[in-house]
Each structure stands twice: as C-alpha cells, then as structure tokens.
Amino acid sequence: MSLIQALILGIVQGATEFLPISSSGHLVLAPWLLSWQIDQQQAFIFDVLVQWGTILAVIVYFRHDLWQLLLAGFRSLRGGEAWRDPMARRAWLIIAASFPAAIVGLLIKSTVELTFSSPFAASLFLMGTAVLLVVSEQLGKLDRSLDSLSWFDAILIGLFQAMALFPGISRSGSTIAGGLLRGFNREQAARFSFLLAVPTMIGAGFIALLDLGQTANVAAQIGPLLIGFIAAAIVGFIAIHWLLAFLRTRRLFGFALYCALLSLGSMLIYALR
C-alpha cells in the first residue's frame, strides 16, 4: 500500500466511520473500484488499525463526557450511593453494550475476514444498512433521552452493533438504528453510538495489532498506517461535529438513499466486470 493510497483510505475512513454509511464497506469498495492491488491481509489490518484514528477523534471530541464516565464508573465500584449516579450507570451500560460484538467477533472472526475480500458482499450489506436506516426512521418514536437507558436497551443496541462486523453494515448506522427503534431521539442515539465506539473499536484494534505482529515485513506498513491514522483522526473529528448538528433537525433517509445507490451501482459494476 502506497502512502497516497493510505492517505485516501484514511480520509475515507474518517469521513465514513461516524456517518451511517459504513466505513468498512467503503474501505473494501474504494480499492476495488479504483483497481488497486492491495494484499488482502494487509488491507484488513489497515482497515482495523486506521480506526484508531477515528477513536482518537471520539476521545478528543467527547473528552469531558468520557472523563466523567470513567470517574463515575470507578466510584461505583465502591458501592453504596455511587451506584445511583446516572453517569456511573451509563458507563457500565456502555461496557455491557460492547460485549455482543466482542463475543460474536471472536466466534466468527475468520468468516468476517473473508467478507472483507468480497466487494459483492460489501455491496449487498450496504443495502442492509439502507434498510436499517429506513425502518428505524419509520418505526422509532424518538422521544427518549439517554437518562432512561436500560440494560435491555444497551444489550439490544450492542446486538445491532454486532451486525456491523461485516463490511457494508455501518457500525454507527446500526447502533443509531437500534437506538431509534428503542425510542431515543436521533442526537441521543448518535451520542451513545459514538461513546460505544470507544471500547468496541479499541478491542478490535488490539486484535488487529496481534495479527499485525504475525505478518511479514511489518516495518513497511508503519508509514501507510501512520498516514491513514492521522487523516482518519482529523476527518473523523469533523464528521462527528457535523453529524450531531445534522441530526438535531434532519432525518436519516438521505444516508439510506446513498447506501442503496452505492450498493446497486457497485453490484452493477461487479456484474459487468
């Protein structure tokens, strides 16, 4: 992977990780559509590790929220009245919501890695993201805040996140959709989705680090990984700010239409090739 390719893919990652249009799907389809020849294992590791750039964006953007959640979570370990702190409760619910994807990911890791080499699979899953967004907008009541988040809500949203292990199913899209279906308004669902990304994607990044250590010529990948990381972090920060403002007044149908058109267009190109 060249530095230019890494820069472009880092920008794509940062722009699409938090928008509900699937960063993984774009990272599979972009090299394929541009006819780039990139080693499949190297591409998979790059795709996961460059997400650390977008995790940095989340941590910086929500640094105050995350610090309060961390402090409240530690205080709750002492028991007593600390368990009644809404921030402590939310901290543990975020941890609980990250478990479904972690468990499913470990169970089907090899299957997931195979789909990352299939542009057709990514195209098909993109249509799944479009359907999720439309259904959640149509059925969601959108009248709840995160203060009412329950254990059931957290686990259900975590299960929606597990679907995003496959390229084309948007992680932010699936978790926001899960939040909408549980009645949360768009901005609150998005905030929980972004906070949930922190433990989930850090875990995925550590697994990819282990894979990276087992590959040959690791040193040659450091440059592209660093370029992709920086690009993803900067663009990801901008994307978070933009999406939260967008969701205060707008619906998700535009993202659904984009995913559907990209899915159909990619499948058409696949058939022609």
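For region 71-208, a/c is not less than 1.5, where a ≥ b ≥ c are the root eigenvalues of the C-alpha gyration tensor, and a/b does not top b/c. That puts it in the oblate class. Spread over its residues, the convex hull of the C-alpha atoms of region 1-144 is 149 Å³ per residue.
For the pair ARG84 and VAL60, a Förster radius of 35 Å applied to the C-beta separation gives a FRET efficiency near 0.70, rounded to the nearest 0.05. Per residue, the average separation of C-alpha pairs within less than 8 Å and at least 6 apart gives the chain a relative contact order of 36 percent. Sequence gap at least 6, Cα distance under 8 Å: using those rules, report the relative contact order of region 1-117 to the nearest whole percent. That works out to 19 percent. Spin-label pair LEU71-SER35: with each label point 7 Å from Cα along the Cα-Cβ axis, the two points sit 5.7 nm from one another.
Inverting the mean 1/r over all pairs of different Cα atoms, compute the Kirkwood radius of the chain and quote it in Å. Write down the numbers at each step before the final one.
Working: mean 1/r = 0.0533 Å⁻¹.
18.8 Å is the Kirkwood radius here.
Normalised by 2.2 N^0.38 Å, where N counts its residues, the alpha-carbon radius of gyration of region 146-200 equals 1.00.
For ARG144, the residues 5 or more places off, or on other chains, whose built amide H falls under 5 Å of its own are PHE184, ASN185.
The relative contact order of region 151-273, computed from alpha carbon pairs under 8 Å that lie at least 6 residues apart in sequence, is 18 percent. With a ≥ b ≥ c the root eigenvalues of the C-alpha gyration tensor of region 1-65, is it rounded (a/c under 1.5), prolate (a/b larger than b/c) or oblate? The shape class here is prolate. On full extension, the segment bounded by MET267 and HIS241 gains 6.2 nm, given 0.36 nm per residue less the C-alpha separation. Only helices reaching 24 angstrom along their own axis (Cα) with mean Kyte-Doolittle hydropathy no lower than -1.0 count here, and for the DSSP H runs of the chain these are 86-107, 119-139, 186-213, 219-247, 253-272. Peptide packing for 19-31, 93-105 was compared via the average number of neighbouring C-beta atoms within 10 Å per residue; ordered from the highest value, the list is 19-31, 93-105. Ranked by the mean number of other Cβ atoms within 10 Å of their residues, highest first, the peptides 115-122, 57-64, 139-146 come out as 115-122, 57-64, 139-146. If you sort the three axes of the alpha carbon gyration tensor as a ≥ b ≥ c, you get a/c of 1.5 or more for region 219-273 and a/b no higher than b/c, which makes it oblate.
Readers should treat all values here as calculations from the given coordinates under stated rules, not as data from a laboratory. In this text the structure is predicted, and so the values were computed from the model without any measurement. Glycine gets a Cβ as well: all are built from the backbone with ideal geometry, and neighbour counts include every protein chain shown.
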